[in-house]
Amino acid sequence: MTETTTVDQIRFTTADLDLLPEDGNRYEVIDGDLFVTRSRHWNHNKVVGRLYSAVDFWSLSDKGYGEAVLVPGIVFDQENAVEPDAVWVSDKNRLPEMLDEAGHLTEAPDLILTSPPLKKGGFYKVVTQ
């Protein structure tokens, strides 16, 4: 007779993010999996900064086209929390409804500025079994 044992995979939540160190890494939970990204390269940050500045300047024009912000937390639910490089929300009036008490977005913004790491090993998934 063969005995089979099933080990449930650990599912990370946003509560686990609060327990992680403030060490310069970016920690995100996607579908209950933990992803860790090292600090971005200087050139990456320079490009994101310039893109953000252009979107922000346009948003602050006399027409009032929404609002942009750098590295916001977006918490969709307990098993999905990410930190894109920058976001833009088109409707400033809707923004307060999109934020939780901690100031994280709880809905998808209209524009997300982000990119995957350019070189292998730039991020890794934490696998637990």
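Starting from the Cα of E83, step 7 Å toward the Cβ, then list every residue of the range 29-49 with an amide N under 11 Å from that point.
Only 29, 36-40 pass the distance filter.
Using a/c under 1.5 as the rounded threshold, could you call the range 50-99 rounded, prolate or oblate? The axes a ≥ b ≥ c are square roots of the C-alpha gyration tensor eigenvalues, and prolate needs a/b larger than b/c, oblate otherwise.
Taking the square roots of the gyration eigenvalues as a ≥ b ≥ c, the range 50-99 is oblate.
Please list, ordered by chain and number, the residues whose modelled amide H lies under 5 Å from the amide H of L111; skip anything fewer than 5 residues away on the same chain.
W88
Provide the per-residue ³J(HN,Hα) series for the range 61-74, in order, calculated from phi with Karplus coefficients 6.51, -1.76, 1.60 and θ = phi - 60°, each as a whole number of Hz, with x at glycine and proline positions.
With coefficients 6.51, -1.76 and 1.60, one gets 5, 4, 7, x, 7, x, 8, 10, 8, 8, 6, x, x, 10 Hz.
Hull surface divided by four, with the convex hull built on the Cα atoms of the range 1-98: how many nm²?
9.6
Putting +1 on Lys and Arg Cβ atoms and -1 on Asp and Glu Cβ atoms, find which of L17, P84, G103 reaches farthest to the positive end of the dipole of the range 1-118.
The listed residue farthest towards the positive side: P84.
Using modelled amide H (1.01 Å from N, peptide plane; none on Pro or chain starts), what sits under 5 Å from the amide H of G73, excluding residues fewer than 5 places away?
For G73, the qualifying residues are L105.
Computed from the coordinates by the stated procedures, all read-outs in this text should not be read as laboratory data. Note that the coordinates shown come from a computational prediction; the quantities given were computed from them, not determined experimentally. All Cβ positions, even for glycine, are placed from backbone atoms using ideal geometry, and neighbour counts span all protein chains on display.
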